1. Taking 8 Å as the Cα distance limit and 6 or more residues as the minimum spacing, I'd like the relative contact order of the stretch A:20-99 as a percentage.
2. Take every residue in peptide A:87-95, count the Cβ atoms of other chains within 10 Å of its Cβ, and give the average of those counts.
3. Using only the alpha-carbon atoms, how far is helix A:2-15 inclined from the longest principal axis of chain A? Give it as 0 to 90 degrees, nearest 10.
4. Would you work out the charge dipole size for chain B about its Cα centre, treating the Cβ of every Lys and Arg as +1 and the Cβ of every Asp and Glu as -1, and quote it to the nearest 20 debye?
5. Considering only DSSP beta bridges whose two residues both sit in the protein assembly as shown, what percent are antiparallel, to the nearest 5?
6. Is the shape of the stretch A:40-87 rounded, prolate or oblate, going by the alpha carbon gyration tensor and its root eigenvalues a ≥ b ≥ c, with a/c under 1.5 for rounded and a/b larger than b/c for prolate?
7. Using only the Cα atoms of the stretch B:90-174, build the gyration tensor, take square roots of its eigenvalues as a ≥ b ≥ c, and label the shape rounded, prolate or oblate: rounded if a/c is under 1.5, else prolate if a/b is larger than b/c, else oblate.
8. Give the relative contact order (percent, whole number) for chain B; include only Cα pairs under 8 Å separated by 6+ residues.
Amino acid sequence: MLGVLVLVLAAGAARAEVIHIKIDKLAFAPAEITAHVGDTIEWANADFLAHTATARNGTFDVMIAAHGKASTVVKAAGTVDYYCKFHPNMVGKVVVVGK
Amino acid sequence: MFIRIAGALAAMVIATGAASAQGGAKPTDPQIAHIAYTAGQIDIDAAKQALAKSKNKEVRAFAQDMQRDHTAVNKKALALVKKLKVTPEDNDTSKALVKQAKEKRAELAKLSGAAFDKAYMDNEVAYHKTVNGALEKTLIPSASNAELKELLQTGLKIFQGHEQHAEQVAAKLK
């Protein structure tokens with residue numbers, strides 16, 4: 001039973017990727033990424049200020065502390081524009097494609 | 001209309017003040033550091049007033065953002081001037097900013113409810129516009145130390161974000 005669970009988890013982990021986005025001097029880099037359903041997007045904030053990654057379509061709203069990291073798992077295919085609620089001049093895009 | 005005049009006046013104060021801070025020459029790094037720090041402190045004080053007076057959820061959230069960001073920037077600025085062994089120097093621009101902010105605070109103190117919220121947010125838009133204009137046209141080009149210039153440039157991006165954020169909150173109040 002445990003063996004099956006480990007197998008399932010291992011298989012899942014092998015498919016799903018972690019995509020890294022850096023935040024530096026009020027910019028998401030890269031500004032546009034492509035992800036697959038089930039992937040994790042992780043933002044690493046190099047700024048001395050808190051930021052958010054807030055999807056315009058409401059699918060995610062992540063707070064990233066100063067010098068902190070935060071992540072979200074993308075669940076549905078589609079193009080998602082996102083921005084920082086505190087600094088709306090910071091914008092990014094996630095293109096999510098199906099498996 | 002009044003807000004526009006106040007904004008234009010502030011722009012004039014910063015432009016002429018910054019220029020005359022050194023008898024017509026461009027402001028020095030110690031003066032620039034003082035102006036930038038003062039401008040941040042003014043917005044922190046404005047946020048404190050908003051948090052004491054406003055009951056509007058979005059206005060309060062905005063004020064908290066301003067308090068947090070400007071405190072972080074000023075902390076960074078203090079650490080930098082300490083590292084560079086620069087002593088911020090008071091000047092006519094800083095004095096004019098403080099005087100104008102004091103008048104604005106007194107004016108806002110007389111308002112309450114939706115009238116206060118609108119006046120505070122409109123002033124936040126105008127104030128960030130003015131400070132960003134001064135950063136772009138006077139303070140950044142005049143800064144001679146590379147690290148100070150870089151912090152001012154990051155500051156400009158932060159405050160441009162605040163200006164857009166303020167515009168969004170202000171638009172929702174109408």
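1. Relative CO of the stretch A:20-99 lands at 34 percent.
2. That average works out to 4.
3. For helix A:2-15, the angle is close to 40 degrees.
4. For chain B, the charge dipole is close to 380 debye.
5. Bridges in the protein assembly as shown that DSSP calls antiparallel: roughly 65 percent.
6. Since a/c reaches 1.5 but b/c is at least a/b, the shape of the stretch A:40-87 is classed as oblate.
7. In terms of gyration-tensor shape, oblate.
8. Result for chain B is 35 percent.
Since every read-out is calculated from the coordinates, none of them should be taken as a lab result. Since the structure is predicted, the reported quantities are computational estimates derived from the model, not experimental observations. With ideal geometry, Cβ positions are generated from the backbone for all residues, glycine too; neighbour counts draw on all protein chains shown.
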